[in-house]
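Just below is one structure, and these are the notes that go with it.
The values are calculated or read from the model by the stated rules, or taken from the named source; none is laboratory data. It should be emphasised that the depicted structure is a prediction, and the values quoted were computed from it without experimental measurement. Cβ coordinates were reconstructed from backbone atoms using ideal geometry, including for glycine residues, and neighbour counts include every protein chain displayed. Note: areas computed on protein heavy atoms with side chains; ligands, DNA, RNA excluded. Shrake-Rupley method; radii C 1.70, N 1.55, O 1.52, S 1.80 Å.
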Amino acid sequence: PVQPTIISNELYCFSRDFGQRGTYIEAISGIDVALWDLLGKKLNAPVCQLLGGAFRTRVKVYATGCYYRHDSNDPSTIDVKQSAKAAADEALGFKKAGFRAVKMKVGLLSVDEDMKRVAAVRNAIGPEIAL
């Protein structure tokens with residue numbers, strides 16, 4: 001039988017010797033999701049029902065993107081003007097696709113430089129889209 005909780009617990013406990021973080025935990029997560037999906041298919045039931053019922057009837061969704069695009073680990077190589085334009089263009093694409101909210105990456109550049117990127121995105125998507 002498919003027993004997601006038992007299998008995930010066994011895999012997690014196995015990781016005690018080398019640390020419960022990183023890629024191994026990410027792999028366990030993928031296996032866990034797959035096992036719950038298999039069990040749901042086997043029982044012809046939605047996974048939320050197997051886990052005790054739906055918590056919500058609606059979920060707000062958002063687009064994630066506007067990452068820094070560059071070829072180096074050195075943030076000083078980022079062309080802020082080009083990065084701002086690329087982020088704005090990407091966010092506008094999310095808006096056109098029907099998203100009502102956008103989550104963008106910040107924190108790699110200085111506050112002033114990141115604010116230029118945020119301002120460009122805000123200008124592109126307007127005030128009605130959550131950012």
Legend entry - Interchain or long-range residues, amide H under 5 Å from residue 63's placed H: 101, 102, 103
Legend entry - Table column - 3J(HN,Hα) (Hz), segment 109-115, Karplus curve with 6.51, -1.76, 1.60, x for Gly and Pro: 9, 5, 4, 4, 5, 5, 5
Inset, instruction - Relative to the longest principal axis of the C-alpha atoms of the chain, give the angle of the C-alpha long axis of helix 23-43, reported between 0 and 90° and rounded to the nearest 10°. - result: 60 degrees
Inset, instruction - In nm, give the distance between the simple-model label positions of residue 100 and residue 116, each being 7 Å from the Cα along the Cα-to-Cβ direction. - result: 3.4 nm
Inset, instruction - With N denoting the number of residues in the chain, provide Rg(C-alpha) divided by 2.2 N^0.38 Å, to two decimal places. - result: 1.47
Legend entry - P(r) tail fraction, segment 64-120 - alpha-carbon pairs more than 18 Å apart, %: 28 percent
Inset, instruction - Could you tell me how many degrees, from 0 to 90 and to the nearest 10, lie between the Cα long axis of helix 4-14 and the main elongation axis, the longest principal axis, of the Cα atoms of the chain? - result: 80 degrees
Inset, instruction - Can you work out the accessible area per residue across segment 54-131, with the rest of the protein chains kept in place, probe 1.4 Å, in square angstrom? - result: 72 Å²
Inset, instruction - Return one number: the angle in degrees, 0 to 90 and rounded to the nearest 10, between the long axis of the Cα atoms of helix 80-96 and the longest principal axis of the Cα atoms of the chain. - result: 60 degrees
Legend entry - Entries in 60/105; 81/105; 41/105; 60/81 that, when Cα-Cα distance is taken, lie over 25 Å: 41/105; 60/81
Inset, instruction - Counting helices only, and only those DSSP H runs with n ≥ 4, report the 222 nm mean residue ellipticity of the chain as the sum of -39,500 (n - 2.57) divided by its residues, in deg cm²/dmol to the nearest 500. - result: -16500 deg cm²/dmol
Inset, instruction - Provide the net charge surrounding residue 12, with neighbours chosen by a C-beta distance below 15 Å and charges set as Lys +1, Arg +1, Asp -1, Glu -1. - result: -2
